[in-house]
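The values are calculated or read from the model by the stated rules, or taken from the named source; none is laboratory data. If you're wondering where the values come from, they're calculated on a predicted model, not measured in any experiment. Because the Cβ atoms are built from the backbone with ideal geometry, glycine has one as well, and the counts that use them run over all protein chains shown.
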Amino acid sequence: MHRYRFGDKWPHRRQRPASEPCQTCARERRRGFGPCNGNTAASAQPVVESVPARWSLLPSHEPLGCRAHRGLLARKRDSVSLRPARAVPERISQRICRYFADINQATGARLSPGKQAYDYQITDMTDELSLGTFCHENGHMICDFPDLYDYGYESAGVGAFCLMCAGANVDEKNPTHVNAYLKYRAGWAQSVTKVTAGLNATAPAGANQFFLHRKGSTEYFIIENRYKTGRDQALPGSGLAIWHIDELGDNQNEQMTAALHYECSLAQADGRHDLENDPRNFGDATDLFGAGVNNHFGGGTNPNSKWWDGTASGLDINAISAANAVMTFTGNV
């Protein structure tokens, strides 16, 4: 199994300077919580539950960006558990961030004589084979997929429409698909069709067939059909998913402005922008496009197809059919 590394697969992702507070620290500082100056070496040490001295403690992956939000990996013989720092929001630490660890690539972790592990994650799947967190964490470990939820829990990210957000938890025994953006960047697309003038498109669900309109190397729209069946049975609704991507954005930024916006945002067909405005709303039946909900997406619609800087993208998706396993639409630019 090929393992994509962060720098290889996501070359445009902005790296946070050591002097800059991470997103969660900045939010918590405004709320009056624990100190953090953004510098890993100088930040407050994490608070973990006490462990026996015979256990060895290893630094874990830093999902939230700095030592104040680092967990510690406690290892005793062949058992491991990630003990989150106190500053990590409990809702997140108990779910998504809980069991992932990125071991030091130089030394690894000794499992037994002659056996080292360099990357691994351990997930409590309960006695009912709950797959959600396991699949989500392997998305990080194997493909270096980013989280698409808001660490500050001030918005809902992309909700239940992707495994790397709430899709891991809406039905833990049957988590939803990774969305078109991450599949496309991972090289999983079966076909990618450029939207051109007069395009008559047929979009089957679950076939990794996507439609693309680019501004440049990092900002674009990518379109897929999502249908409530099989692995996507737990979706809030079915229809055409239109994703607005800016690989330089950040899903901590729900402001929807030119300067502050998501890396991956779902153009919600009902125009309410619930995912950005309501952290408890992980999607509903009117978020995806289709006849009977909203069959037109263009420069003058709500939502609209403008780029984040407010300029016209020219993208116009019209005559969208009713939600089904196979959908059709016309495209123009």
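List of remarks:
- When residue 274 is tested against the conditions (1) touching a helix residue (DSSP H, G or I) at 6+ places or on another chain (Cβ under 9 Å); (2) buried (at least 23 other Cβ atoms within 10 Å of the Cβ), the lone failure is (2).
- Selection status of residue 316, in the same structural domain as residue 267 (by TED's automatic domain parsing) and closer than 22 Å to residue 206 by Cβ: no
- Within region 215-262, the residues that satisfy the criterion of being free of Cβ contacts under 8 Å to residues at least 40 places away in the same chain and either among the aliphatic types (A, V, I, L, M) or touching a helix residue (DSSP H, G or I) at 6+ places or on another chain (Cβ under 7 Å) (or both) are 256, 259, 260.
- Qualifying positions in region 287-303 - part of a loop (DSSP other than H, G, I, E, B) and of a type in the set (Gly, Ala, Ser): 291, 292, 299, 300
- Screening region 113-141 for residues that are at positive phi and of a type outside the set (Gly, Ala, Ser) and picking the one that is modelled with the highest pLDDT gives 129.
- Among strands (runs of 3 or more DSSP E) entirely within region 114-219, having at least 1 residues that are of a type outside the set (S, T, N, Q) and not assigned by TED's automatic domain parsing to the domain that holds residue 324 singles out 115-117, 119-121.
- Restricting region 181-199 to residues that are surrounded by 13 or more Cβ atoms within 10 Å (Cβ to Cβ) and over 19 Å from the mean Cα position of the chain (by Cα) leaves a set whose member that is nearest to residue 333 (Cα to Cα) is 195.
- The residues on offer are 178, 170, and the sole one that is of a type outside the set (S, T, N, Q), surrounded by 15 or more Cβ atoms within 10 Å (Cβ to Cβ) and free of Cβ contacts under 8 Å to residues at least 40 places away in the same chain is 178.
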